[in-house]
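The values are calculated or read from the model by the stated rules, or taken from the named source; none is laboratory data. Quick caveat, the model's predicted, so the values are computed rather than measured. We place every Cβ from the backbone using ideal geometry, glycine too, and count neighbours over all the protein chains shown.
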Amino acid sequence: MAAPLVTPTQELDQQLGGPTPGSGTIHHGSTQATSPSQAALTALEHYKKKDSSKVVVRFKAIGNAPIMKNNYFRITAFNRFQAVIQFLRKELNWKPSDALFLYINASFSPAPDDTVGNLFKCFGTEGHLIVNYSTTAAWG
């Protein structure tokens, strides 16, 4: 009897401890359909929950930008960075047409769809998320 034909992908799966032919995994063409593990389902449920914790955001003016009287604010972690941009515009009484550049830790400008909580986890400094703001482009 001839040995079953094993594709390079199946061989790699076997080497990595993955499913083997006839192990109960359903193969549809080149994709595999398996039921997610309980750990994966738990992680997905945790990811779906909104983080209601607060992040302390510290605003620092750069160049000729006006200095705020109060530069510490608590912002909900699940908010997008776009909410920080809108909040700062409101605090400074700036129109949407006025130039405003925001940077994290004086190094980079985050995407507006990044969450405040994620930025804090990755780039928080001494319990704060430092947001530098300017009327002209300051850093790359």
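For the range 64-140, which fully contained strands (runs of 3 or more DSSP E) count at least 1 residues that are surrounded by fewer than 15 Cβ atoms within 10 Å (Cβ to Cβ)? In the range 64-140, the matching strands (runs of 3 or more DSSP E) lie at 72-76.
The test for being among the polar types (S, T, N, Q), surrounded by 10 or more Cβ atoms within 10 Å (Cβ to Cβ), at pLDDT below 90 and not assigned by TED's automatic domain parsing to the domain that holds Leu119 holds for Gln14.
Okay, residues lined up against (1) farther than 24 Å from Ala137 by Cβ; (2) at pLDDT 90 or above; (3) in contact with a Pro (Cβ under 9 Å, 6 or more places away or on another chain):
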| site | (1), (2), (3) |
| --- | --- |
| Gly24 | yes, no, no |
| Tyr47 | yes, no, no |
| Arg80 | no, yes, yes |
| Lys90 | no, yes, no |
